[in-house]
Amino acid sequence: MKYYAVKIGKKPGIYDSWDIAKENVIGFEGAVYKSFSSLEDAKAFLADEKKEDEPLNKPTAYIDGSFNQETGEYSFGAVLFYEGKETRFKKKYPKDEYSVHRNVAGEIKGAGFIINYCINHGIKDIDIYYDYEGIHSWYAGLWKAKTPIAVKYAEFASEARNKINVNFIKVKSHTNVYYNDVVDSLAKEALGLI
């Protein structure tokens, strides 16, 4: 049996039917929910309402990507904390040559978007939380960029590194990190998947 825990939605709670849970998240901006195979895990997810504290002295962002296998579209969701404000972003991209990389294409676009946003707003230093290793490794030159999207991202990084210091922090995906769940939901919303 599956359980659907809705942490943020029209009516938060635990449901044993996806059809009922779906009614509480579809069309609700910023919905946060997950499915579980045990009731105990679903309860633990809802009980973990602790949000990471907003950094008091440094801009911070969370990013994630998503992919619609039916349309080939991809997207990103991002949350930026800066000067005491939380700003949310989401963007969908049409099927193109990068779609073969699925959600990774969205994650790369999200990282580039946040870094550009910071550069354009005079932010010189930021922590970025991510869950796909390539986001950091291509940016830092630790991985050789071989695909067109990775090459483009690495070229972007070589210029951006002169303008901003980016500290990448790896988060395990789907481990109940509140803002990682939020950006995952934003990326899905951008594609109309929730």
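The values are calculated or read from the model by the stated rules, or taken from the named source; none is laboratory data. Just so you know, these numbers come straight off a predicted model, no measurement behind them. Please note: Cβ atoms are built from the backbone with ideal geometry, for glycine as well, and neighbour counts cover all protein chains shown. Side chains are part of the model used for accessible areas, which takes the heavy atoms of the whole protein and leaves out ligands, DNA and RNA. Shrake-Rupley method; radii C 1.70, N 1.55, O 1.52, S 1.80 Å.
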In the stretch 134-147, anything over 15 Å from Ile119 (Cβ atoms) and open to solvent by less than 90 Å² (accessible area, probe 1.4 Å) is listed as Gly134, Ile135, His136, Ser137, Trp138, Ala140, Gly141, Ala145, Thr147
In the stretch 148-166, what count of residues is obtained for those that are open to solvent by less than 20 Å² (accessible area, probe 1.4 Å) and assigned to a helix (DSSP H, G or I)? 5
Do you know which residues across the stretch 140-151 are in contact with a helix residue (DSSP H, G or I) (Cβ under 9 Å, 6 or more places away or on another chain) and either among the hydroxyl-bearing types (Ser, Thr, Tyr) or in contact (Cβ under 8 Å) with a residue 12 or more places away in the chain (or both)? Ala140, Gly141, Thr147, Ile149, Ala150
Out of the residues in the stretch 167-194 meeting the condition of being part of a helix (DSSP H, G or I) and of a type in the set (A, V, I, L, M), tell me which one is farthest from Glu133 (Cα to Cα). Ala190
Taking the condition touching a helix residue (DSSP H, G or I) at 6+ places or on another chain (Cβ under 8 Å), among the hydroxyl-bearing types (Ser, Thr, Tyr) and within 21 Å of Glu83 (Cβ to Cβ), does Tyr179 pass? no
Mind checking whether some residue in the stretch 118-139 is under 16 Å from Leu191 (Cα atoms), in contact (Cβ under 8 Å) with a residue 40 or more places away in the chain and either of a type in the set (Val, Ile, Thr) or touching a strand residue (DSSP E or B) at 6+ places or on another chain (Cβ under 6 Å) (or both)? no
Scope the stretch 80-124; condition assigned to a loop (DSSP other than H, G, I, E, B) and either open to solvent by 90 Å² or more (accessible area, probe 1.4 Å) or among the β-branched types (Val, Ile, Thr) (or both); matching residues: Glu83, Lys95, Glu97, Arg102, His121, Ile123, Lys124
